[in-house]
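Taking it in order: structure first as structure tokens, then the write-up.
The values are calculated or read from the model by the stated rules, or taken from the named source; none is laboratory data. Here the structure is a predicted model, which is why all the values come from computation and not from measurement. In this analysis, Cβ positions are derived from the backbone assuming ideal geometry, glycine residues included, and neighbour counts consider all displayed protein chains.
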Amino acid sequence: MADAIISLDQVSRVYAMGHVQVPALVDVSLQVNPGEFVAIIGPSGSGKTTMMNILGCLDRPTHGQYLLAGTPVAELDDDGLARLRSLTIGFVFQSYNLLPRTTALDNVATPLLYQGVSRRSSPTSRPATSTATPGPTCWPSSAS
Ligand SMILES: Nc1ncnc2c1ncn2[C@@H]1O[C@H](COP(=O)(O)OP(=O)(O)OP(=O)(O)O)[C@@H](O)[C@H]1O
Ligand SMILES: [Mg+2]
């Protein structure tokens, strides 16, 4: 479908380990439309993380085409990938990747800086609302 938010067309990812080529993903085609919820399941080593890294613009396919919101990801450089990622993707990592010396609220707000959202309109300038449970002076280590 033309307006799919995510479109993979025969995407493959081969890792090179010295002389050995490890095909982690082979010819994966997938479309996700706006509003759809999708779960990727499979046994260990089946390529879930590899695929999430590609979907999240942290990695690029070796072959095939990935369109994110209509943008061909393979044509973007690292800055372009980072820009697209910051505007279109919210990633909750298994290991959180929070900044330990930064408050919970500032951790939430940090990606907004990269989107060019000004301090004044950022959530850190307002009383905590949706992040009210931990509060603005709460540190990540005490928020779990
Ligand atoms: N950086 C890498 N270099 C070489 N091979 C890799 C690399 N990352 C993953 N692989 C290999 O690619 C295949 C897919 O790995 P991947 O981590 O994507 O699977 P997974 O489905 O996420 O597994 P798990 O459920 O254990 O997290 C595996 O054979 C793995 O050993
Ligand atoms: Mg994994």
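Brief remarks follow.
- Once region 63-92 is narrowed to residues that are in contact with a Cys (Cβ under 9 Å, 6 or more places away or on another chain) and aliphatic (A, V, I, L, M), the residue that is modelled with the highest pLDDT is Leu68.
- In the set (1) under 29 Å from Gly116 (Cα atoms); (2) under 13 Å from the mean Cα position of the chain (by Cα); (3) within 16 Å of ligand 1 (Cβ to nearest atom), Ile89 fails one condition alone, (3).
- Filter result (closer than 23 Å to Pro72 by Cβ, near ligand 1 (Cβ under 8 Å from one of its atoms) and hydroxyl-bearing (Ser, Thr, Tyr)) within region 9-56: Tyr15, Thr49, Thr50
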